[in-house]
Amino acid sequence: MIKLQQWLDRFQDHLRHERRLSPLTGQHYARDLDHFAAFCNDNGIASWGDVNAHQVRAFIALRHRRGLSGRSLQRQLSAIRGFYHFLLREGAADYNPAQDIRAPKAARKLPQPLDVDQMAKLLEIEGSAPLSVRDRAIMELLYSSGLRLAELISLDVADLDRGDAVVRVTGKGSKTRVVPVGRQALSALHAWLRLRPEMAADTETALFVGRQGRRLSPRGIQQRLRHWGLRQGMASRVHPHKLRHSFASHLLESSGDLRAVQELLGHADIATTQIYTHLDFQHLARVYDRAHPRARKK
């Protein structure tokens, strides 16, 4: 296991310093590869170069029997493929045993967005206590700008430009984008920034901090959103992804501009945005028929 672990550690350095992936993505890779390393160790495999495609299939089958979803299995295979690309480059393997292996198809389960009235009710947080003011600012910003949870957590005070009403966000793959911040979110953020010095540690740069004065954790934000969802009488559980999904759905319903929503969400592939916002092929076909010069009826 020691020899296997040495290459896992080197791969983590590669992800951190060369590919510059986010810490959260690095943690996901590490967790998935730790499971695979344990499987290899249990089966007497002492070197990554000794792994073959049959063994990778056996690992995926084992994880499937233990209840992992198709989506989780796809992610684990992606981690193994990426790891072997690195091993091939370093001369520690002769081929990629996961290259042609496919996981079972994952059913896409999208969170149902809150409608406009439900969002308004959720954001009606009264009171001047610092935690209430902070939580309202968090939810307003998530809904106003469609941020991912990891993007929200990584924000520093310097990333917010209140003058131009924008926030600079570091998304997946360390890609940076600038997104607008709505009037209500700006007002909520202004209220929070007045109170932030009461909670933040002297050297803390994070926009949102917890009771200990340090940057909020993903778990902390998830718990607070769930708390407010219950308190405000939401029928379904409220979490950061639901607010991002509501942002995308409401914006698309009003504008119909799929490309703009793609840019705001930071999606590399427009197909991801199409799925996110409940667009179907028939809708896209109707847009094409109405708009394309070669498709319009005379």
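None of the figures in this text is laboratory data; all of them are computed from the coordinates on show. Since the structure is predicted, the reported quantities are computational estimates derived from the model, not experimental observations. Cβ: placed from backbone, ideal geometry, glycine included. Neighbour counts: every protein chain shown.
List H54, H239 from most exposed to least, where exposure is judged by having the fewest other Cβ atoms within 10 Å. Let's see the in-between values first.
Values: H54 10, H239 18.
Least crowded to most crowded, the residues run H54, H239.
Given a 10 angstrom Cα cut-off, can you work out which residue in K172, K242, K121 is the most mobile in a GNM of the chain?
Checking each option, the largest mean-square fluctuation is seen for K121.
Going by how many other beta carbons lie within 10 Å of each one, how would you line up T272, T203, T25, fewest first? Could you put the intermediate results ahead of the total?
Working: T272 13, T203 7, T25 17.
Final ranking by Cβ density, sparse to dense: T203, T272, T25.
Based on DSSP loop calls and a cut-off of at most 14 other Cβ atoms within 10 Å, the longest stretch of the chain free of exposed GluC sites (Glu not before Pro) is what? The partial results should precede the final answer.
Numbers: sites that count: E124, E126.
The longest such stretch corresponds to 127-298.
Please work out how much length the chain gains when fully extended from D42 to V166, using 0.36 nm per residue of separation minus the C-alpha to C-alpha distance, in nm with one decimal.
On the way: separation 124, 0.36 × 124 = 44.64 nm, distance 5.15 nm.
39.5 nm is the gain from fully extending D42 to V166.
At a Förster distance of 25 Å, what's the computed FRET efficiency of A158 paired with Q12, Cβ-Cβ distance as r, to 0.05?
Working: r = 28 Å, r/R0 = 1.13.
It comes to 0.35.
Is the shape of region 2-90 best called rounded, prolate or oblate, per the rule: a/c under 1.5 gives rounded, else a/b larger than b/c gives prolate, else oblate, with a ≥ b ≥ c the square roots of the Cα gyration tensor eigenvalues? All intermediate terms of the calculation are to be shown ahead of the outcome.
Values: a/c = 1.91, a/b = 1.22, b/c = 1.56.
Taking the square roots of the gyration eigenvalues as a ≥ b ≥ c, region 2-90 is oblate.
Need the full-extension length gain, R219 to Q112, defined as separation in residues times 0.36 nm minus the C-alpha distance. One decimal, nm. The partial results should precede the final answer.
Working: separation 107, 0.36 × 107 = 38.52 nm, distance 2.12 nm.
Going from the current span to full extension adds 36.4 nm.
When a/c is below 1.5 the answer is rounded, else prolate if a/b is larger than b/c, else oblate, so apply that to region 209-248 with a ≥ b ≥ c taken from the square roots of the Cα gyration tensor eigenvalues.
Working: a/c = 3.17, a/b = 1.58, b/c = 2.01.
In terms of gyration-tensor shape, oblate.
Counting other C-beta atoms within 10 Å, which of V209, V261 has the fewest, and how do the rest follow?
Ranked by crowding around the Cβ, least crowded first: V209, V261.
Under the rule of -39500 (n - 2.57) per DSSP H run of 4 or more residues, summed and divided by the residues of the chain, what mean residue ellipticity at 222 nm is obtained, to the nearest 500 deg cm²/dmol?
-17500 deg cm²/dmol
Would you work out which of Q74, C40, F208 lies farthest towards the positive end of the dipole of the chain? Charges go on Cβ: Lys and Arg +1, Asp and Glu -1.
Q74
Relative to the Cα centre, what is the charge dipole magnitude of the chain, using +1 at the beta carbon of each Lys and Arg, -1 at the beta carbon of each Asp and Glu, and rounding to the nearest 20 debye?
Numbers: 47 positive and 30 negative charges, 172 e Å.
In debye, rounded to 20, the chain gives about 820.
Do you know the relative contact order of the chain, to the nearest whole percent, from alpha carbon pairs under 8 angstrom that are 6+ apart?
Values: 318 pairs, mean separation 44.4, N = 298.
This gives 15 percent for the chain.
Quote to one decimal, in nm, the extra length available between Q99 and A201 on full extension: 0.36 nm per residue of separation minus the C-alpha distance between them.
Details: separation 102, 0.36 × 102 = 36.72 nm, distance 4.74 nm.
Computed gain between Q99 and A201 is 32.0 nm.
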